[in-house]
Amino acid sequence: MLVEAAVESLEQALAAERAGVDRIELCANLEVGGITPSTQLIAAVIAQVKRPVFVMIRPRGGDFVYAADDIDAMIEDIDRARPLGIAGIVTGALRSDGTVDVDSLRRLMSPAAGLPVTFHKAFDVTANLPSALEQVIELGATRLLTSGGAATAVEGAAMIAELVEQAGERILIVAGGKIRENNARDVIAHTRVREVHARFEDESSMRRLVSVVKDGASVAGVVRKVSSVVGSVKGEAGVARGMTATPSATPGRTKFEGAEPILSVKDMAASIRYYVDVLGFRNADWGDGKFTSVNRDGAGIYLCQGGQGTPGTWVWVGVEDVAVLYEEYKASGAKIRGKPENFPWAYEMKIEDPDGHVLRFGSEPRGDQPLVK
């Protein structure tokens, strides 16, 4: 996941960089949605900020319908900004009928050739979002910033998800529109975007947003490594040890059979939504409602209600992996419930995320350590 911060001063750009953002969108006058910053500001930010800097190319606030003189001024702005070392531009233009102004955009993209181009939220006031998306893709833009045509990304999440599906790999859809730490995870879960955009307010707020998006030491961040650690115990079918994989009657799914549950969850529906929607796992088979199988990057994981003691999420890995994960997550600041322990059923460790969800990594009991009764 990538976080872009919209800033309007050198101080904000430096603070956003300290907060951990991946990219800077440099503007002037964000109160009107951002306009082209001065050459002096661009030069100062490029000189002092190490993160890539995309520059807003917009001559004024208000609507996005521009006269020929406006487009000429925007071309001059690109010509002035490009030699300063910018990493990309952010721009957009519409026709009076609410469609993308293809001719003007072609003129703007010519001096920007070779630079990534983000089509900004002018997109959200187009008459037909899916049609406008195809126009933006045809123009060769690399990113599209959108709130799904709504006032906020939360309200437009359903449309953003449709745009992500429509775009495929042809263009990156960036979710923006009042993205904050309290809603970023939901927006990402519902839209499957890989980048989010937020206006800089202060360093601490931006740092918290980055932490939420990047997942930090939460379960989401931990589980992303499951696909690698589970590799030591998965078979040729790409599923956890002890399972056999057979094609399901449902196209694109696989049914896992012949193994004891290796994950245990208290709330099956919530857990399925978390793994599939938030963590990007693909649902394999819903079973009878009491279990399901999911997979990601070739690693199979089996979820089941109850049956494994403390409600939580169980991930079966190799013995050595438990010790490695313990050291790694201890260093990362994850909340660990004690050192790994050797129970009769497994050698395991537990990690807890900020919401109290417990992720349990386990393996076969170790023969070289006493059992915990």
Hey, among G61, G85, which residue is assigned by TED's automatic domain parsing to the domain that holds E169 and on the phi > 0 side of the Ramachandran plot?
-> G85
Please work out which residue is surrounded by the fewest Cβ atoms within 10 Å (Cβ to Cβ), limiting yourself to region 55-94 and to residues that are among the small types (G, A, S) and touching a residue at least 40 places away in the same chain (Cβ under 8 Å).
-> A87
Identify all residues within region 113-164 that are among the polar types (S, T, N, Q) and assigned to a loop (DSSP other than H, G, I, E, B); write none if there are none.
-> T126, N128, T142, S147, T152
Going through region 325-334 in order, the residues found to be surrounded by 14 or more Cβ atoms within 10 Å (Cβ to Cβ) and touching a helix residue (DSSP H, G or I) at 6+ places or on another chain (Cβ under 9 Å) are L325, Y329, A334
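When you scan region 14-23, do you find a residue that is over 26 Å from the mean Cα position of the chain (by Cα), in the same structural domain as T191 (by TED's automatic domain parsing) and of a type outside the set (K, R), even just one? Spell out the reasoning first.
First, the residues of region 14-23 that are over 26 Å from the mean Cα position of the chain (by Cα): none.
No, there is no match, as no residue in region 14-23 is over 26 Å from the mean Cα position of the chain (by Cα), in the same structural domain as T191 (by TED's automatic domain parsing) and of a type outside the set (K, R).
Are any residues in region 71-101 of a type in the set (A, V, I, L, M, F, W, C) and more than 18 Å from V45 (Cβ to Cβ), and if so, which ones?
Within region 71-101, the subset of a type in the set (A, V, I, L, M, F, W, C) is 71, 73-75, 78, 81, 84, 86-87, 89-90, 93-94, 100.
Residues satisfying the conditions are I71, A73, M74, I75, A93, L94, V100.
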For region 342-364, how many residues are crowded, with 17+ Cβ neighbours inside 10 Å and either assigned to a loop (DSSP other than H, G, I, E, B) or modelled with pLDDT of 85 or more (or both)?
-> 4
Report whether or not R51 is over 16 Å from V136 (Cα atoms), surrounded by 15 or more Cβ atoms within 10 Å (Cβ to Cβ) and at pLDDT below 95.
-> yes
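The values are calculated or read from the model by the stated rules, or taken from the named source; none is laboratory data. Small disclaimer: the values here were computed from a predicted structure and weren't measured. Cβ sites come from the backbone with ideal geometry, for glycine too, and all protein chains shown count toward neighbours.
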